[in-house]
1. Has region 116-131 got any residue that is at pLDDT 95 or above, assigned to a loop (DSSP other than H, G, I, E, B) and either closer than 25 Å to ALA44 by Cα or not hydrophobic (A, V, I, L, M, F, W, C) (or both)?
2. Any residue at all in region 36-51 that is in contact with a His (Cβ under 8 Å, 6 or more places away or on another chain), modelled with pLDDT of 50 or more and closer than 19 Å to PRO114 by Cα?
3. Of everything in region 147-167, what is under 14 Å from LEU201 (Cα atoms), under 17 Å from the mean Cα position of the chain (by Cα) and free of Cβ contacts under 8 Å to residues at least 60 places away in the same chain? Give them in sequence order.
4. Return the residue satisfying two criteria in turn: it lies in region 168-212 and is within 21 Å of PHE124 (Cβ to Cβ) and either among the β-branched types (Val, Ile, Thr) or over 20 Å from the mean Cα position of the chain (by Cα) (or both), and of such residues it is surrounded by the most Cβ atoms within 10 Å (Cβ to Cβ).
5. Among the listed residues ARG32, ARG72, identify the single one that is over 19 Å from GLN144 (Cβ atoms) and at pLDDT 95 or above.
6. Output the qualifying pairs, or none if there are none: Cβ atoms under 7 angstrom, residues six or more apart or on different chains, first residue in region 120-143 and at positive phi, second residue in a helix (DSSP H, G or I).
7. Test each condition in (1) of a type outside the set (A, V, I, L, M, F, W, C); (2) in a helix (DSSP H, G or I); (3) touching a residue at least 24 places away in the same chain (Cβ under 8 Å); (4) under 21 Å from ASP49 (Cβ atoms) for GLU177 and report the one that comes out false.
8. Exactly one of these conditions fails for PHE166: (1) assigned to a helix (DSSP H, G or I); (2) aromatic (Phe, Trp, Tyr); (3) more than 21 Å from ASP49 (Cβ to Cβ). Give me its number.
Amino acid sequence: MSNWRTIPVTLLCFASVPAFAKGAPLPFEPARYSQSVTECDRLAGHNEDPNKVATGVSEAKVDLPAAIAACRVDLAKDPGNPRLQYQLGRALSYAGQIDEALPNLENASRLSYPQAQFVLGYLFLDGRLKAPVDRCRALELFRQSAAQQRMAAQIGLAAWHLDGHFRKCANRPTRVELLGHLSAARAQKPKFYPELLIEDLERQLGARKRSD
């Protein structure tokens with residue numbers, strides 16, 4: 001990925017991001033849930049989560065015992081809030097408690113929380129943090145997250161497709177689908193390095209036009 005070029009604009013004009021498929025989770029609506037900042041948000045929120053309500057912290061700076069304790073308390077007060085479910089799952093997974101983390105991430109994902117959909121897919125992609133490997137489930141989770149404009153999922157779908165992660169899945173992404181997600185990611189005005197990655201992925205997908 002050292003040769004950075006953009007794909008022709010005419011090609012991107014035909015790329016489209018798929019609408020929510022029948023039976024897929026509905027788009028996440030933040031207004032349905034409390035937006036009050038909790039201790040769980042302060043200690044376990046992800047700094048790149050588009051729906052965070054506090055500043056968020058990087059993985060290296062999460063105080064795991066404090067974050068887990070706070071999220072359990074706050075989630076008990078507001079058990080249906082997918083943001084808190086995701087954040088508890090995040091802290092638990094970092095602490096190596098994947099068996100308890102996964103149900104929280106699954107619950108948040110079922111409630112259409114985009115960050116949870118992306119993270120759960122990321123765990124399933126290669127069995128990270130001792131999660132089970134399920135690349136086809138990861139593919140669908142990434143699709144759900146990408147459809148909700150989570151840039152990491154939009155870019156990751158193309159990157160992991162090109163790396164062959166989804167080759168055994170029946171419903172593999174098409175080139176048009178992937179270009180649509182990359183175009184949507186570019187529209188979010190990414191920072192320098194994500195933009196370079198988008199350009200390279202577009203170039204690779206363009207080069208593969210004849211073989212797909």
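1. The answer is yes, given that some residue of region 116-131 is at pLDDT 95 or above, assigned to a loop (DSSP other than H, G, I, E, B) and either closer than 25 Å to ALA44 by Cα or not hydrophobic (A, V, I, L, M, F, W, C) (or both).
2. Taking region 36-51 and keeping what is in contact with a His (Cβ under 8 Å, 6 or more places away or on another chain), we get none.
So far as region 36-51 goes, no, none of its residues is in contact with a His (Cβ under 8 Å, 6 or more places away or on another chain), modelled with pLDDT of 50 or more and closer than 19 Å to PRO114 by Cα.
3. Residues satisfying the conditions are MET151, ALA153, GLN154, ILE155, GLY156, LEU157, ALA158, ALA159, TRP160, HIS161.
4. Checking each candidate, the answer is LYS168.
5. Values: ARG32 fails: over 19 Å from GLN144 (Cβ atoms).
The conditions single out ARG72.
6. LEU129/SER93; LEU129/ILE98; LEU129/LEU123; LYS130/ILE98
7. If we test GLU177 against (1) of a type outside the set (A, V, I, L, M, F, W, C); (2) in a helix (DSSP H, G or I); (3) touching a residue at least 24 places away in the same chain (Cβ under 8 Å); (4) under 21 Å from ASP49 (Cβ atoms), just (4) comes out false.
8. (1)
The values are calculated or read from the model by the stated rules, or taken from the named source; none is laboratory data. Nothing here was measured: the structure is a model prediction, and the numbers come from that model. A quick note on method: Cβ atoms are made from the backbone with ideal geometry, for glycine too, and the neighbour counts reach across all protein chains shown.
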